[in-house]
Ligand SMILES: [Zn+2]
């Protein structure tokens with residue numbers, strides 16, 4: 001079984017397994033939330049890669065996931081992509097996705113496995129609010145797109161008991177919205193990174209793709225929060241000791257080296273520049289291993305505080321089963 005995962009940008013990943021090429025949440029250019037969010041990195045070839053998909057799944061309604069301009073462009077290029085549209089008791093994505101130009105749109109209910117061919121089954125699990133995750137069970141491979149979800153440990157354990165072994169976990173590692181509690185940038189980074197670490201600890205995946213976190217805030221009301229987002233360089237430093245982590249990098253693989261913060265407001269530009277010159281956070285590696293106790297954090301992520309993240313040991317990635325090719329990209 002060969003599993004190939006390509007991170008195109010933000011929450012957009014192209015997953016190839018058993019001849020199925022499943023695309024998630026393409027936001028590949030422009031802004032989201034009426035201009036409030038931008039992409040930290042550019043990946044000009046991403047739309048071309050996305051158009052290679054056989055199937056498409058959108059996790060939630062937020063425009064960093066259901067990004068209409070990108071979806072319309074994708075539908076223009078590939079109206080035949082098979083779209084898996086979330087349908088719950090109180091909403092349906094079917095009509096909205098059809099209206100964007102997709103000809104084949106199938107309803108994907110809650111917690112009901114759906115066969116998408118080649119022995120691949122997908123199951124959608126809704127969580128609190130409007131978030132959803134997708135479990136992909138292929139012959140010989142189990143993938144969990146955890147997306148923007150942030151489950152308490154108990155729920156994670158129940159999920160683990162239900163789906164069993166996870167070979168590849170896609171999980172978020174940054175905040176994605178207004179922060180209402182003041183804490184140091186580093187404490188905030190530790191809190192959200194700790195949330196991913198908790199998911200890793202419980203799900204015990206063979207590989208992890210940190211994703212859905214490479215946005216920047218563009219509104220003057222929230223640009224200051226950009227300082228507490230982990231960028232790819234910091235993420236690399238914080239996960240350097242964990243051989244399971246498949247890290248997105250700028251300009252790798254098919255990516256264009258011409259990447260950088262994308263059209264950020266001026267203040268952000270200055271601050272990003274400062275960020276880039278900063279040495280890897282000396283607290284970083286320790287953070288993955290052991291989040292500090294008692295740091296004030298975001299209410300959504302209180303559970304992350306004071307929990308012990310996985311102590312990660314091991315040799316370099318030895319499995320040839322999962323080959324990751326990361327291109328720049330990057331939860332809302
Ligand atoms: Zn998001």
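The values are calculated or read from the model by the stated rules, or taken from the named source; none is laboratory data. Note that this is a predicted model, so its numbers are computed, not measured. We place every Cβ from the backbone using ideal geometry, glycine too, and count neighbours over all the protein chains shown.
Answer yes if at least one residue in the range 170-193 is within 15 Å of the ligand (Cβ to nearest atom) and part of a helix (DSSP H, G or I), and no otherwise. Yes, that holds for at least one residue. So for the range 112-120 (the condition being touching a strand residue (DSSP E or B) at 6+ places or on another chain (Cβ under 6 Å) and in a loop (DSSP other than H, G, I, E, B)), does at least one residue qualify? There is at least one residue in the range 112-120 that is touching a strand residue (DSSP E or B) at 6+ places or on another chain (Cβ under 6 Å) and in a loop (DSSP other than H, G, I, E, B).
Against the numbered list (1) part of a helix (DSSP H, G or I); (2) away from the ligand (no atom under 16 Å from the Cβ); (3) closer than 14 Å to residue 25 by Cβ, residue 56 comes up short only at (1).
Here is the figure for the range 132-155: residues that are more than 16 Å from the ligand (Cβ to nearest atom) and either more than 13 Å from residue 24 (Cα to Cα) or in contact with a helix residue (DSSP H, G or I) (Cβ under 7 Å, 6 or more places away or on another chain) (or both) total 12. Tallying residues that are at pLDDT 95 or above and closer than 14 Å to residue 86 by Cβ within the range 116-130 yields 5. Only one entry of 129, 119, 101, 164 meets the criterion of being within 16 Å of the ligand (Cβ to nearest atom) and surrounded by fewer than 17 Cβ atoms within 10 Å (Cβ to Cβ), and that entry is 129. The lone criterion from (1) farther than 19 Å from residue 133 by Cβ; (2) within 16 Å of the ligand (Cβ to nearest atom); (3) not in a loop (DSSP other than H, G, I, E, B) left unmet by residue 230 is number (3). Taken over the range 70-84, the criterion of being more than 16 Å from the ligand (Cβ to nearest atom) and either part of a helix (DSSP H, G or I) or closer than 22 Å to residue 159 by Cα (or both) is satisfied by 72, 73, 74, 75, 76, 77, 84.
In the range 26-39, the condition of being within 16 Å of the ligand (Cβ to nearest atom), more than 27 Å from residue 228 (Cα to Cα) and touching a helix residue (DSSP H, G or I) at 6+ places or on another chain (Cβ under 9 Å) is met by no residue.
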